[in-house]
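The values are calculated or read from the model by the stated rules, or taken from the named source; none is laboratory data. For clarity, every value in this text was computed on a predicted model and none was experimentally measured. Reconstructed Cβ throughout: ideal geometry from the backbone, glycine too, with neighbour counts over all protein chains shown.
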Amino acid sequence: MPFSLTSTAFTEGGAIPRIHTCDGDDVSPPLAWTGSPDGTASLALIVDDPDAGGFVHWVAYAIDPVAGSLPQGISGVAGGIAEGRNSFGNIGFGGPCPPSGTHRYVFRLLSLDETPAFADPPTASVLRSVAAGHTLGEATLTGTYRRGG
């Protein structure tokens, strides 16, 4: 079974619902995964906008691979998941908010052979550096959003 990432909120290449954006309630979307590679100790998630130079919307790590999913609105919940700093300068999920046009948002789930720990909430670049050499697989899901649309 291939490592895959899905959401009940949007399909691959589909529009991300307004509730998950800066124009809505800015809540993290529900995500589900299957097929984590053998040896997976934890998962890490980085969500970025390649149409805005890789602007990062969410960093999460130490996700239990056995859980199989993250519920809608898990970001920022006490006792929820370990989260890092996004490009807005905040910890947790910052929804799509493109300045113009339709942008793509890539949800990248990394399967890691270890569970990283950080003294401070990591940025995506710090998490990527730590994940280098420990990544067993990667699953992606891409959604789109256009403001006012």
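Couple of notes before you dig in:
- Remark: residue 52 matches the filter, which requires a residue to be touching a Ser or Thr at 6+ places or on another chain (Cβ under 9 Å), over 13 Å from residue 109 (Cβ atoms), surrounded by fewer than 19 Cβ atoms within 10 Å (Cβ to Cβ) and among the aliphatic types (A, V, I, L, M).
- Residues that are outside any strand (DSSP E or B) and touching a Gly at 6+ places or on another chain (Cβ under 9 Å) within the stretch 121-145 comprise 121, 122, 123, 124, 126, 127, listed in sequence order.
- Any hit, the stretch 30-42, residues being within 30 Å of residue 99 (Cβ to Cβ) and β-branched (Val, Ile, Thr): no
- Qualifying residue in the stretch 1-12 (condition: at pLDDT below 95, over 20 Å from residue 61 (Cβ atoms) and over 15 Å from the mean Cα position of the chain (by Cα)): yes
- Only strands (runs of 3 or more DSSP E) whose full extent lies in the stretch 1-56 are considered here, and the ones with at least 3 residues that are touching a Pro at 6+ places or on another chain (Cβ under 8 Å) are 42-49.
- One residue stands out among those in the stretch 80-98 that are touching a Lys or Arg at 6+ places or on another chain (Cβ under 8 Å) and part of a loop (DSSP other than H, G, I, E, B): the one that is surrounded by the most Cβ atoms within 10 Å (Cβ to Cβ), which is 98.
- Residue ID - nearest to residue 102 (Cα to Cα), chosen from residues in the stretch 128-146 that are hydroxyl-bearing (Ser, Thr, Tyr) and either crowded, with 19+ Cβ neighbours inside 10 Å or without any contact (Cβ under 8 Å) to a residue 24 or more places away in the chain (or both): 145
- Among the candidates 49, 23, the residue that is over 25 Å from residue 116 (Cβ atoms) and modelled with pLDDT of 95 or more is uniquely 23.
- Some residue of the stretch 106-117 being polar (S, T, N, Q), exposed (fewer than 15 other Cβ atoms within 10 Å of the Cβ) and either outside any strand (DSSP E or B) or out of contact with any helix residue (DSSP H, G or I) (no Cβ under 9 Å at 6 or more places or on another chain) (or both): no
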